[in-house]
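Asks: Once you've had a glance at the structure underneath, I'll fire off some questions.
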Amino acid sequence: MRIHHCGVKVRDVEKAMDFYTRVLGMKLMETVNIAGQNFYFVGDGSMMLEIEPAYDEERLICDHGFGHLALAVDDLEAYCQGLRKHEVVFLMEPSQFIPTRKIAFIQDPEGNAIQLIEFINTHTDY
């Protein structure tokens with residue numbers, strides 16, 4: 001397992017993207033659409049920050065601010081099976097929204113969201 005990205009929920013995506021890219025100098029690495037919602041990944045090639053809208057009440061946990069930590073794993077299904085033995089709470093069961101990755105969300109004992117992500121048929125793991 002390795003840290004992949006940290007998610008931040010923002011009220012104004014356009015303003016946040018301008019800040020992280022133009023002001024801080026990060027590059028837009030990827031845009032992913034999940035269930036009709038865009039999520040923007042900015043970074044430097046070694047670590048990324050996921051910019052996501054805070055106004056959708058059906059999304060995970062907090063309304064704005066840092067929302068989750070993402071951990072890349074080699075085999076999501078096997079990893080999740082191991083977590084179930086420890087009665088870990090799943091916020092989202094393993095799912096595949098795009099061909100190149102599978103994701104799941106779990107909860108730590110304090111209720112913080114942790115995304116688990118498996119990359120499929122790609123050499124990019126950042």
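What follows is calculated from the coordinates using simple rules that are stated; it is not laboratory data. Quick caveat: nothing in here was measured; it's all calculated off a predicted structure. Here the Cβ is made from the backbone with ideal geometry for all residues, glycine too, and neighbour counts use every protein chain on show.
Asks: Divide by every residue of the chain the summed helix terms, -39500 (n - 2.57) for each DSSP H run of at least 4, and state the resulting mean residue ellipticity at 222 nm, rounded to the nearest 500 deg cm²/dmol.
Replies: Calculated from helices alone, the mean residue ellipticity at 222 nm is -3000 deg cm²/dmol.
Asks: Put a dot 7 Å past each Cα toward the Cβ at residue 24 and residue 69; how far apart are the dots in nm?
Replies: If labels sit at residue 69 and residue 24, their model points lie 1.7 nm apart.
Asks: Between beta-carbons, use under 12 Å as the cut-off and find the net charge around residue 93, counting Lys and Arg +1, Asp and Glu -1. If you can, show how the numbers build up before the last one.
Replies: Details: positive: 84, 102; negative: 77.
Local charge sum for residue 93: +1.
Asks: Neighbour counts of other C-beta atoms within 10 Å: give me 4, 68, 86 arranged from fewest to most.
Replies: 86, 4, 68
Asks: Near the amide H of residue 7, under 5 Å away, which other amide H atoms are found, from residues 5 or more places off or on another chain, if H is placed in the peptide plane?
Replies: Result for residue 7 returns 50, 67, 68, 69, 70.
Asks: Of the listed values (i) 30; (ii) 42; (iii) 55, grab the one calculated as percent of Cα pairs over 23 Å apart from the structure here.
Replies: So the calculated entry is the one marked (i).
Asks: Sticking with this structure for a sec: For the chain, calculate the relative contact order in percent as a whole number, restricting contacts to Cα pairs under 8 Å that are 6 or more residues apart.
Replies: 26
Asks: Something else: Would you kindly derive the ³J(HN,Hα) couplings of the range 90-96 from the backbone phi angles with the Karplus curve 6.51 cos²θ - 1.76 cosθ + 1.60 (θ = phi - 60°), listing them in order in whole Hz, with x for Gly and Pro?
Replies: Couplings: 9, 8, 8, 5, x, 9, 10 Hz.
Asks: With +1 on each Lys and Arg Cβ and -1 on each Asp and Glu Cβ, how big is the dipole of the range 2-119 about its Cα centre, in debye rounded to the nearest 20? Could you put the intermediate results ahead of the total?
Replies: Details: 11 positive and 19 negative charges, 50 e Å.
With only Lys, Arg, Asp and Glu charged at Cβ, the dipole is about 240 debye.
Asks: Still on this structure, I have one more. Using Cβ counts within 10 Å as a stand-in for footprinting exposure, how do 29, 1 rank, fewest first?
Replies: Exposure proxy ranking, most exposed first: 1, 29.
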